[in-house]
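The values are calculated or read from the model by the stated rules, or taken from the named source; none is laboratory data. Here the structure is a predicted model, which means the values were calculated and not measured. Please note: Cβ atoms are built from the backbone with ideal geometry, for glycine as well, and neighbour counts cover all protein chains shown. Just so you know, the surface numbers come from the protein's heavy atoms only, side chains and all, with ligands and any DNA or RNA stripped out. Shrake-Rupley method; radii C 1.70, N 1.55, O 1.52, S 1.80 Å.
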Amino acid sequence: MTKPLLIACLLIGSALGAQATPPNGPAVPPVLTVKAARALGPGSTVTVRAVVLNGAEMGNIRYVQDADAGLALYAQAAKLAGFGELRAGDSIQVTGQLKAYNGLLEMDPVTSFHKLASGVRMRAVQVPVAQATAAFVEANESRLLEITGVKRLQTPAGTPATTLAGNANYLLDGMPGTLVRIVAASTGPEGLVDVAPPTTESFDVRGIMSQYAPSGTGGYQLLPRLASDLVLGSGLPRLTEEAVPVNVSNNGFTVLYSTLNPGDTRVRYGLNAKELKETRTDAALTTKHSITLSDLIPGTTYYVEVSSRNAAGTETAPAVPFITSSGKRQRTGTKN
């Protein structure tokens, strides 16, 4: 090889080497889907973007999920600023090393994260209780599930659960292989500890599929987060009492009604039950609904239909008659 050619080869090799190493330090891991990150296994350092499924009701662990898979994150709030404030619905980008802890694949340590958004809704995978045992598998680890049509929670000893205890285990309809565990940190007005599960009708159980298996296999357990994860009425608003008028005047009244689960407030009304031409709505989600109708005709029957909508659907009651008080319409302003 001639001297000029040798120098040219060295310069090309030097340039390629410079491109392989970023100028500001080591290469940043690419952002992966959660499924792709899980496939790399323990010991891998990964970066993912996903939605947080729980808050402090599960202590130092946060489960995250994207469209196809879930992952557990473990960090002590005192050692990672802001981690303890993460709550369900936060979208984050997070980097850390994967490890296996009693069968559960988790990110520990979490080296960094930043929040991208909040209030993001992540839908649960719905499974009928008759097929629940088939859902307690590795593919659903760290994902949000909703087991529908549950009739009761029962202790492994066969006793019906009357109140839920922290760090206690229960079975869906008493079926083996459907372990439900109540986390001791889920306390307070919204927590699960000391809550009485429904007994008068079937309900749905939402929770995160976790795993605790010192052998590394099996040990799947569903972790409900808060009392609201015991869902009556399939999550629909479900009207629980007929609408009633209060504060009736000659030109209006306030419509009151209640729903089992939170939803928005919707009222349609008119002079004919089959032609409800006027509509009033309030988008705030609540179980106690109230809307005031004004500028109505005195001493007149109005037909009022109430409904409520949330992410699960809409519930509507038949129109019922309300009557304004007799008397002249109240006027505002001055006569010309």
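Note on Leu116/Ser325: beta-carbon distance plugged into 1/(1 + (r/R0)^6) with R0 of 45 Å gives a FRET efficiency of 0.25. Could you give the length gained on full extension between Lys79 and Ala36, defined as 0.36 nm per residue of separation minus the Cα-Cα distance, in nm? Gain on stretching Lys79 to Ala36: 12.7 nm. Our summary of shape: the Cα atoms of segment 274-320 have principal axis extents of 38, 21, 16 Å, ordered from largest down, in whole angstrom.
The residue among Leu230, Pro197, Thr240 whose Cα reaches farthest toward the positive pole of the charge dipole of the chain, with charges on the beta-carbon of Lys, Arg, Asp and Glu, is Thr240.
The distance between label points at Lys151 and Ala213 comes to 2.9 nm (points 7 Å beyond Cα on the Cα→Cβ vector).
Gain on full extension, evaluated as 0.36 nm per residue between Gln97 and Asn169 minus their Cα-Cα distance, stands at 22.9 nm. Inverting the pair-averaged 1/r between distinct Cα atoms of segment 122-228 gives 13.8 Å as its Kirkwood hydrodynamic radius. The angle between the Cα long axis of helix 3-20 and the longest principal axis of the Cα atoms of the chain comes to about 30 degrees, rounded to the nearest 10. FRET efficiency for the pair Thr314 and Gln131, taken as 1/(1 + (r/R0)^6) with r the Cβ-Cβ distance and R0 = 35 Å, rounds to 0.80. In segment 168-309, the C-alpha radius of gyration followed by the widest Cα-Cα span (Dmax) gives 21.9, 76 angstrom.
When peptides 135-147, 233-245 are sorted by average Cβ neighbour count within 10 Å, with the highest value leading, the order is 135-147, 233-245. Once segment 223-269 is represented by equal point scatterers at the alpha-carbon sites, with solvent omitted, what log10 I(q)/I(0) does the Debye formula produce at q = 0.20, 0.21, 0.26, 0.29 Å⁻¹? At q = 0.20, 0.21, 0.26, 0.29 Å⁻¹ the computed log10 ratios are -0.76, -0.80, -1.00, -1.11. Panel note: the C-alpha atoms of the chain, placed on their principal axes, show extents of 109, 68, 37 Å (largest first).
Placing unit charges on the Cβ atoms only, positive for Lys and Arg and negative for Asp and Glu, gives segment 190-242 a dipole magnitude near 320 debye about its Cα centre. What the chain shows is 53 Å² of accessible area per residue, with the surface traced by a 1.4 Å probe over protein heavy atoms. In a shell of Cβ-Cβ distance under 14 Å around Thr259, excluding Thr259 itself, what net charge do Lys and Arg (+1) and Asp and Glu (-1) give? Residues near Thr259 contribute -1 overall. The charge dipole of the chain, taken about its Cα centre with unit charges on the Cβ atoms of Lys, Arg (+1), Asp and Glu (-1) only, comes to about 840 debye. Who wins for biggest fluctuation among Glu190, Glu278, Glu315 in a Gaussian network model of the chain, springs between alpha carbons below 10 Å? Taking springs between Cα atoms under 10 Å, the residue moving most is Glu278. When its C-alpha radius of gyration is set against 2.2 N^0.38 Å (N residues), segment 176-222 gives a value of 1.37. With all protein chains in place and a 1.4 Å probe, the accessible surface of segment 114-216 carries 53 percent carbon and sulfur.
Comparing Pro176, Pro198, Pro224 in a Gaussian network model of the chain (Cα springs below 10 Å), the most mobile by mean-square fluctuation is Pro176.
Working note: Debye formula, equal point scatterers on the alpha-carbon atoms of segment 29-180, no solvent; log10 I(q)/I(0) at q = 0.09, 0.10, 0.17 Å⁻¹ is -0.32, -0.39, -1.01. Radius of gyration over Kirkwood radius for segment 98-163, both on Cα atoms: the Rg/Rh ratio is 1.08. Simple rule: put +1 on each Lys or Arg Cβ and -1 on each Asp or Glu Cβ in the chain, find the dipole, and look at Pro128, Ser325, Leu296; the Cα lying farthest toward the positive end is Leu296. Considering every Cα-Cα pair within segment 246-331, what fraction, in whole percent, is farther apart than 22 Å? Tail fraction, whole percent: 26.
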